[in-house]
Amino acid sequence: MYKALKLRYRNWKLKKKLFKQNVQFSENNLVFKSVNVLLIDEIIPEFNKDSGSRRLSEIIKLLLENDIGVFLLADKKLYRYNSEYINFYKNLGVTVYEPQIHNGKLLTKEGFIKLISPNLDYAWLHRPKVFKRFSNFIRFSNSETKIIYDMCDFHYVRLLREYEQNKNEHTKKEAERNLISEIESCKIADIIFAISEEDKQKVLEHYDDQNKIKVISNVHQPNEKTSDFKEFDKRSNILFIGNFRHKPNIDAVLYLREEIMPIIWKSHPEIIVDVVGSYPTEEVKALHSDNFKILGFVDDVSNYFNSSKVFFAPLRYGAGIKGKIGQSLEYNLPLVTTDVGAEGFNFGKYSEAMIANTAETLAEKVITMYMDENLWNSASDYSKEILEPFSLKSIEKTILDAIN
């Protein structure tokens, strides 16, 4: 009761502020195309902070390039509805929801959906919580709107793997709750987007409508090597990148610092680790030292990819495609990871050199990749072939076949 009253008060204050600033919404600003898509995520996609947001931003660009109308909404409380990324998407040509005054009232998220629903062909709902929150409302607003469930990853699998790692019964129960919710969402949706073929097959173990499930992975385009590309002997340091709102990244960095690097430093104490990523926790920040640098969010990560010698992602649990792996391959930077990190990628003849699953073997493979110039060069050259299934052309075909 108290929380509800507090929310109403904050929305009242917001309405008063918007009235004072004369922030008015005009329906004349709604521009519809022959096909229109509403995309809802938990946040306005922060394309330079996490792989899920980066994937969505590339999908939005593909939709716009194919003359599809894109409307974007974040599932955030109205009084907190601010983002430095709103203008980025507006400049692309996206209609982005923001709290405004409409006909003397505060335009809510639900009010915005009702306004556009008569012209809405698809509602693209990203992540399970968003699907559960909005699917019924959208169906009620326009029964003709096709509802897309974009799983992001199969959360049940990620949580089950976390339980197998920490044996926390709470995590196990959370995994089981997610399974029930995710499969129920699959039944309601008109189209399901899994992020990898592996995730699709895992979903099919619990829900058998194969024709409804399509695979839309991350979008990755390899960078061509130019004269500026730094060769093996001009590079140094190990690089890890990850958004620390995501628990598998926290676990991976702790594992890297506490169990793997002590093995590497026994024979190579000169090697430095750079850890880049938004929202580092206090636990992660506490790991900072001269040879294990916690750098936090970096707007332009290209300098790190272009100067590091090895990208290292010792992920012990998670699900779906790991954007950090694809990003490393985009920069032709050789990497080492686990089976969990490699999921969805085909490393071909370099699987043996790039994948391991214990602290000792991971340390061994990192040292080999770091020291062996011939292996490093050939693995770097092979990056383009690994990324072929993640090309814009491949992803675009899948999207347009679904949204026809």
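Filter LYS109/LYS384; LYS167/LYS293; LYS129/LYS230; LYS129/LYS167; LYS17/LYS187; LYS293/LYS384 down to the pairs with a C-alpha to C-alpha distance above 32 Å, please.
Numbers: LYS109/LYS384 42 Å; LYS167/LYS293 30 Å; LYS129/LYS230 43 Å; LYS129/LYS167 25 Å; LYS17/LYS187 42 Å; LYS293/LYS384 29 Å.
Correct reply: LYS109/LYS384; LYS129/LYS230; LYS17/LYS187.
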>> Once R0 is set to 56 Å, what does the formula 1/(1 + (r/R0)^6) return for the Cβ-Cβ distance between LEU254 and ASN11, expressed as a FRET efficiency to the nearest 0.05?
In response: 0.90
> When the Cα atoms of region 173-219 are enclosed in a convex hull and the volume is divided per residue, what value in Å³ results?
Replying inline: 77 Å³
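Relative contact order for region 250-404: what is it in percent, counting Cα pairs under 8 Å that are at least 6 residues apart?
Values: 186 pairs, mean separation 31.8, N = 155.
Once normalised by length, the contact order is 20 percent.
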> Give me the Kirkwood hydrodynamic radius of region 47-106 in Å, from all C-alpha pairs, to one decimal place?
Replying inline: 12.8 Å
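Tell me which GluC sites (Glu not before Pro) from region 122-166 have a DSSP coil assignment and no more than 12 other beta carbons within 10 Å of their own. Walk me through the numbers before you get to the answer.
Details: sites: GLU144, GLU162, GLU164; in loops: GLU144.
Sites meeting the loop and neighbour criteria: GLU144.
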>> Using the Cα atoms of region 133-279, I'd like the radius of gyration and the largest Cα-Cα distance, Dmax, both in angstrom.
In response: 20.8, 64
> Counting only protein chains, not ligands or nucleic acids, how are ARG235, ARG133 ordered by accessible area (probe 1.4 Å), most first?
Replying inline: ARG133, ARG235
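With Rg and the Kirkwood Rh both taken from Cα atoms, where does Rg over Rh land for region 315-404? The partial results should precede the final answer.
Details: Rg = 14.6 Å, Rh = 14.0 Å.
In region 315-404, Rg relative to Rh is 1.04.
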> If you wrap region 20-83's Cα atoms in a convex hull and average its projection over all directions, what's the area in nm²?
Replying inline: 5.6 nm²
> Picking from GLU283, GLU364, GLU373, which is most flexible by a Gaussian network model of the chain using Cα springs under 10 Å?
Replying inline: GLU283
>> Can you tell me the orientation of helix 169-188 relative to the chain, as the angle in degrees between its alpha-carbon axis and the longest Cα principal axis, to the nearest 10?
In response: 50 degrees
> Over its Cα atoms, what ratio of radius of gyration to 2.2 N^0.38 Å does region 1-126 give?
Replying inline: 1.09
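On the accessible surface of region 19-146, probed at 1.4 Å, how many percent belong to carbon and sulfur atoms? List each step's numbers first, then the result.
Numbers: 2590 of 5960 Å².
Ligands and nucleic acids excluded, carbon and sulfur reach 44 percent.
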> In straight Cα distance, which aspartates and glutamates are under 13 Å from LYS6, not counting same-chain residues fewer than 8 positions off?
Replying inline: none
> What percentage of the solvent-accessible surface of region 243-283, computed with a 1.4 Å probe over protein heavy atoms, is contributed by carbon and sulfur atoms?
Replying inline: 53 percent
> In the full protein assembly as shown, how much of SER236 is accessible to a 1.4 Å probe, in Å² to the nearest 10?
Replying inline: 60 Å²
>> On the principal axes of its Cα set, how long, how wide and how thick is region 137-220? Give whole Å, largest value first.
In response: 45, 32, 25
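Just the number, please: Stokes-Einstein D of region 67-166 in µm²/s, Kirkwood Rh from C-alpha pairs, 20 °C, 1.002 mPa s. Don't jump to the answer; show the numbers that get you there.
Details: Rh = 15.4 Å.
The estimated diffusion coefficient comes to 139 µm²/s.
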>> Let me make sure I get this right: for region 115-161, a, b and c are the square roots of the gyration tensor eigenvalues over alpha carbons, sorted descending. Under 1.5 in a/c it's rounded, otherwise prolate if a/b > b/c, else oblate. Which is it?
In response: prolate
> For the chain, what is the per residue volume of the convex hull drawn over the alpha-carbon atoms, in cubic angstrom?
Replying inline: 165 Å³
>> Under the rule a/c < 1.5 gives rounded, and otherwise a/b versus b/c splits prolate from oblate, where does region 241-342 land using the Cα gyration tensor?
In response: rounded
> Along the charge dipole of region 1-76, which of TRP12, PHE32, VAL70 sits closest to the positive end, that is, farthest toward it, with unit charges on the beta carbon of Lys, Arg, Asp and Glu (+1, +1, -1, -1)?
Replying inline: TRP12
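Per the helix-only calculation at 222 nm, which mean residue ellipticity applies to the chain, given -39500 (n - 2.57) for every DSSP H run of n ≥ 4 and division by its residues, nearest 500 deg cm²/dmol?
Details: 18 runs with 185 residues, N = 404.
Dividing the helical sum by the residues of the chain leaves -13500 deg cm²/dmol.
The values are calculated or read from the model by the stated rules, or taken from the named source; none is laboratory data. Just so you know, these numbers come straight off a predicted model, no measurement behind them. In this analysis, Cβ positions are derived from the backbone assuming ideal geometry, glycine residues included, and neighbour counts consider all displayed protein chains. For the accessible areas, the whole protein counts, side chains as well, though only heavy atoms, and no ligand, DNA or RNA atoms are used. Shrake-Rupley method; radii C 1.70, N 1.55, O 1.52, S 1.80 Å.
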